[in-house]
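To start, the structure itself, in structure tokens.
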């Protein structure tokens, strides 16, 4: 049953208020005066489909929500604004959030078109009370990483591709250009499900850490509808917990110790033991050769490559496990910042991944789904153009892509 103009106005007002936006700012985004927009919300002025589409994007919603039989006042974007109100003051972050919501919805539709769907209840969840102190946050992050590794059955070795891991657990993932202060975000939406987005502009190893960080929010903070991870919020206890989880998830304690032992290092300089033979005990003391247990930068380079993390992350993990002292950390960190770590990696035959290629991983998948939807006549060529523009593909490149894909007939616009 079609809703009335008055009901549509009420829904628009509810969505605007949930996002904490003023009538004046919304009217400006539509190119209308405030009095005209007031009439729309009052149900006294009709709204075109183009205007409604702009409003849906502005509020981070699907246009169909406004026309459905029932309407939910709050959605993921509104919940984010409520949980992290300081975000609304940063227009760059807010616009990035809108793009992520739109991209998540389109990705969801494309997957469903080709027979893929996610079952939200199957995604693992852990019940942890919010930490009250930094130590609680650290303890929870460590335990959570150990429990999840055990649940996944991955032992103490290196983790596979984190985006693929999250996808296998029922979580949609994406790479989007975000402000430098934002490393990633997690969205939990009725339509999209769980959607983790990581900053495409960041280094590959930082993105890998960010996927692990956001996975912690997926596992423990799902009731928040979403979470925006920003460097400026690193002291927030939930962020501390997520960072500790990421470090332990990527570099488990036992795995790191085994790797260092495999280098012939990590043993204490002096060992003492009691040998018991049913009659008495014999004290035995051993010493390692002076300097033989010192971890060098080339050891750190190998460990970082083994676990797929940055050298800086590896250094801090070694320090936290007391395999490095603070002075040793500072020395090795300085050498790495001077470029020696990169040089050692090249000389050891451990080149860094092709970051430009890895940045396009999500784009390739999204484009592939869009092409398949078009081939099946599920979307028009006009819609295809709209979708590929969302991931930065130019119209000329799309024409070549469709031609090379050998999809078939001459592109048809919607309605033709």
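The values are calculated or read from the model by the stated rules, or taken from the named source; none is laboratory data. Everything numeric here is computed off the predicted structure, so don't read it as measured data. Cβ sites come from the backbone with ideal geometry, for glycine too, and all protein chains shown count toward neighbours.
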- Task: Return a yes/no flag: does region 259-280 have any residue that is closer than 29 Å to residue 134 by Cβ, at pLDDT 95 or above and part of a helix (DSSP H, G or I).
- Result: yes
- Of all residues in region 121-147 being modelled with pLDDT under 90 and in a helix (DSSP H, G or I), which is surrounded by the fewest Cβ atoms within 10 Å (Cβ to Cβ)? 121
- Output the residues belonging to region 194-229 that are modelled with pLDDT under 90 and either over 25 Å from residue 111 (Cβ atoms) or surrounded by fewer than 20 Cβ atoms within 10 Å (Cβ to Cβ) (or both). 222, 223, 224
- Message: Can you find a residue that is part of a helix (DSSP H, G or I), within 23 Å of residue 183 (Cα to Cα), out of contact with any helix residue (DSSP H, G or I) (no Cβ under 9 Å at 6 or more places or on another chain) and without any contact (Cβ under 8 Å) to a residue 24 or more places away in the chain anywhere in region 110-117?
- Response: no
- Note on the structure: Residue hits (region 305-317; within 16 Å of residue 334 (Cβ to Cβ) and assigned to a helix (DSSP H, G or I)) are 311, 312, 314, 315, 316
- Looking at 90, 181, which is the one that is farther than 17 Å from residue 359 by Cβ and outside the structural domain of residue 221 (by TED's automatic domain parsing)? 90
- Message: Just to verify a result, which residue in region 1-54, among those that are under 19 Å from residue 79 (Cα atoms) and in contact with a helix residue (DSSP H, G or I) (Cβ under 7 Å, 6 or more places away or on another chain), is surrounded by the fewest Cβ atoms within 10 Å (Cβ to Cβ)?
- Response: 20
- Of the numbered conditions (1) assigned to a loop (DSSP other than H, G, I, E, B); (2) within 28 Å of residue 77 (Cβ to Cβ); (3) under 19 Å from the mean Cα position of the chain (by Cα), residue 166 satisfies every one except a single condition; which is it? (1)
- Task: State which residue is nearest to residue 179 (Cα to Cα) when the search covers only region 210-252 and only residues that are outside any helix (DSSP H, G or I) and touching a residue at least 40 places away in the same chain (Cβ under 8 Å).
- Result: 230
- Message: When you check residue 287 against the structure, is it at pLDDT below 95, surrounded by fewer than 17 Cβ atoms within 10 Å (Cβ to Cβ) and touching a helix residue (DSSP H, G or I) at 6+ places or on another chain (Cβ under 8 Å), yes or no?
- Response: no
- Yes/no for residue 58 being in contact with a helix residue (DSSP H, G or I) (Cβ under 6 Å, 6 or more places away or on another chain) and modelled with pLDDT of 85 or more: yes
- Scan region 356-375 for residues that are outside any helix (DSSP H, G or I) and at pLDDT 90 or above and report the count. 0
- Conditions (1) at pLDDT below 95; (2) under 18 Å from residue 255 (Cα atoms); (3) within 12 Å of the chain's Cα centre (by Cα): number failed by residue 175: (2)
- Task: Can you work out which of the residues in region 59-78 that are out of contact with any strand residue (DSSP E or B) (no Cβ under 6 Å at 6 or more places or on another chain) and assigned to a helix (DSSP H, G or I) is nearest to residue 195 (Cα to Cα)?
- Result: 77
- Item | Check on residue 332, buried (at least 16 other Cβ atoms within 10 Å of the Cβ), at pLDDT 90 or above, assigned to a helix (DSSP H, G or I) and within 28 Å of the chain's Cα centre (by Cα) | no
